[in-house]
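Trainee: Structure provided below as structure tokens; questions to follow.
The values are calculated or read from the model by the stated rules, or taken from the named source; none is laboratory data. Being a predicted model, the structure only gives us computed values, none of them experimental. Ideal geometry is used to build each Cβ from the backbone, glycine not excepted, and the neighbour counts take in all protein chains shown. What goes into the accessible areas is simple: the full protein's heavy atoms, side chains included, and nothing from ligands, DNA or RNA. Shrake-Rupley method; radii C 1.70, N 1.55, O 1.52, S 1.80 Å.
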Amino acid sequence: MSYISIDQSQLQSSPDEDHEVREHLLTVDIQQPGEDVCATRFRIRDLTKVSDAGAPILKGINMDIPKGVILGIVGPSGSGKSTVLRALNRLWEPPSGTVFYDDRDILDLDVLSLRRKVGMLFQIPVLFEGTVADNIRYGPQLKGKKLTDNEVHNLLSLADLDSSFFNKTGGEISVGQAQRVALARTLANEPEVLLLDEPTSSLDPISTENIEEVIMKLKKKRGMTIVMVSHSIKQIQRIADIVCLLVDGTIVEVLKPDKLSEAKHPTALRFLQLSA
């Protein structure tokens, strides 16, 4: 069975039952007909972070993320969504023994190798100097590999861009097109996981739809694991397999997209109602 799980102790706070509830994981079945059992891509155990002023940002996050799913992370601003995302490829260094990639502590992995396997797309695309082709070739060149023109064209196509973009510069394309170039540049590293931090928040509806179609195509055709932070509940409902709700640094709900209205945590439910 494919599943997302969270530590039940994050949903119940009785100190007398703490040990008992930590032994039980709430699971949500997301298996599709004909699917094989999915192995766990990420294991997160007791992930905690405090601010420089001592305020808690993450309060012991526990979660398993299977391979080949699209996980949406939603919640109010300041709930810790981006912090969790950045821990997965060490843009924020999590404590030892808290984040595991394919059963290995990510702190034991070479950080550059990890970031090639776990690519990230940010809210605002930033392209390097040179052409679109130069941008796409950048990552592989760091490993001593030069992509052929055909390989660049294939990556453009994967990001829903035609061959006319090959020699264009960043100043000649729109923000939405630049975001797809940034996606193609990330995919050039052949990642196994794609982290998305509000990737369409600054895009128009058509560009947003294009990015969403690419994301779903990557999952369907490549079996890619995708973890996406978004303030758009409707977007998450369109593309996610499962939704994780964070409130004040704690996972309070894990639901299928079509079951979000069944959220029981009062803050999560109010957030979802106001965002609908």
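Trainee: Among the residues that make up the range 199-209, is at least one of them in a loop (DSSP other than H, G, I, E, B), of a type in the set (A, V, I, L, M, F, W, C) and within 13 Å of the chain's Cα centre (by Cα)? So that I can check it myself, show each step before the final result.
Mentor: First pass over the range 199-209, keeping only residues in a loop (DSSP other than H, G, I, E, B): 199-204.
Then keep just the ones that are of a type in the set (A, V, I, L, M, F, W, C); that gives 203.
Imposing the further condition that a residue be within 13 Å of the chain's Cα centre (by Cα) reduces the set to none.
Scanning the range 199-209, I find no residue that is in a loop (DSSP other than H, G, I, E, B), of a type in the set (A, V, I, L, M, F, W, C) and within 13 Å of the chain's Cα centre (by Cα), so the answer is no.
Trainee: Sticking with this one: Which one of VAL243, VAL227 is buried (at least 21 other Cβ atoms within 10 Å of the Cβ), closer than 24 Å to ASP46 by Cα, of a type outside the set (Phe, Trp, Tyr) and out of contact with any Asp or Glu (no Cβ under 9 Å at 6 or more places or on another chain)?
Mentor: Working: VAL243 fails: out of contact with any Asp or Glu (no Cβ under 9 Å at 6 or more places or on another chain).
Only one candidate passes the filter, namely VAL227.
Trainee: Looking only at the range 127-146, which residues are open to solvent by 10 Å² or more (accessible area, probe 1.4 Å) and either β-branched (Val, Ile, Thr) or at negative phi (or both)? So that I can check it myself, show each step before the final result.
Mentor: First pass over the range 127-146, keeping only residues open to solvent by 10 Å² or more (accessible area, probe 1.4 Å): 127-131, 134, 137-138, 141-146.
Answer for the range 127-146, where residues must be open to solvent by 10 Å² or more (accessible area, probe 1.4 Å) and either β-branched (Val, Ile, Thr) or at negative phi (or both): LEU127, PHE128, GLU129, THR131, ASP134, ARG137, TYR138, GLN141, LEU142, LYS143, LYS145, LYS146.
Trainee: If you go through the range 83-124, how many residues are part of a loop (DSSP other than H, G, I, E, B) and within 18 Å of the chain's Cα centre (by Cα)? Give the derivation first.
Mentor: Taking the range 83-124 first, the residues part of a loop (DSSP other than H, G, I, E, B) are 88-98, 102-103, 109-110, 122-124.
Now restrict to residues that are within 18 Å of the chain's Cα centre (by Cα): 88-94, 98, 102, 122-124.
Going through the range 83-124 one residue at a time, the tally reaches 12.
Trainee: Here's something else I'd like to know. Picking from LEU121, LEU158, which residue would you name as being open to solvent by less than 60 Å² (accessible area, probe 1.4 Å), touching a strand residue (DSSP E or B) at 6+ places or on another chain (Cβ under 9 Å) and closer than 25 Å to LEU85 by Cβ?
Mentor: LEU121
Trainee: Additional query: May I ask you to list pairs of residues, at least six apart or on different chains, whose Cβ atoms are under 9 Å apart, with the first in the range 58-73 being on the phi > 0 side of the Ramachandran plot and the second being hydroxyl-bearing (Ser, Thr, Tyr)?
Mentor: GLY60/SER9; GLY60/THR48; GLY60/THR250; GLY68/SER2; GLY68/THR225
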